[in-house]
Amino acid sequence: MLAVWLVAAWILLILPWPFIRYLQDPKGLRKYPSQNIFSGLTGLAYGWEVGRRHRVFHTRRPHEQLVRDPVVRIGPGWLMQGTDLTLVTRPDGLKEYANIIDCMHSSSRANATLVWDAASFPMMKKLTNFLSPWYASQWHNASNWAAYIDQITAERVERGEKGEGFHDLSLSAHDQG
């Protein structure tokens with residue numbers, strides 16, 4: 001009977017200890033703060049954040065985290081301004097206003113349901129773009145996101161060539177050399 005109690009105590013006390021230490025992150029190895037308690041264990045935590053439909057709560061939680069633990073962001077000021085509506089210049093020269101946060105997540109939303117068949121993905125993308133208005137809007141938003149990334153990258157390269165220093169990129173630039 002004593003052996004049963006010792007085994008039960010070992011299972012209940014000893015086995016969870018590494019898991020508890022992992023969640024605590026005592027050495028501070030996590031680069032960014034977790035979105036929620038499951039972020040370190042599975043990618044489903046990010047998927048849950050992406051899939052949330054309510055815009056106020058979708059941006060409020062990340063805003064509160066960024067106030068508490070600031071990190072380098074692609075679009076600083078979106079949450080403080082109260083909107084992520086941004087003018088995007090597409091490669092063909094067409095300019096349009098887009099909700100960039102929604103555009104950022106759109107590709108993930110569409111890819112998540114089609115990526116299981118990598119060989120026929122290009123064909124599935126064309127079919128879903130033609131047959132489904134929801135997929136068509138997701139693919140359009142994803143192309144706006146790609147155009148936005150190209151646009152801000154070109155702007156930063158141009159500013160860097162003019163001699164402007166970037167404190168957020170200085171460490172990675174030294175690591176490359």
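Read-outs throughout are calculated quantities, based only on the coordinates presented, and are distinct from any laboratory measurement. Everything numeric in this text was worked out from a predicted model, so none of it was measured. Heads up, the Cβs are rebuilt from the backbone with ideal geometry, glycines too, and the neighbour counts pull from every protein chain shown.
What separates the Cα centres of segment 6-23 and segment 101-122 is a distance of 39 Å. For the pair LEU29 and THR113, a Förster radius of 25 Å applied to the C-beta separation gives a FRET efficiency near 0.15, rounded to the nearest 0.05.
Full extension of the chain between GLU161 and GLN81 gives 25.9 nm of extra length, using 0.36 nm per residue less the Cα-Cα distance.
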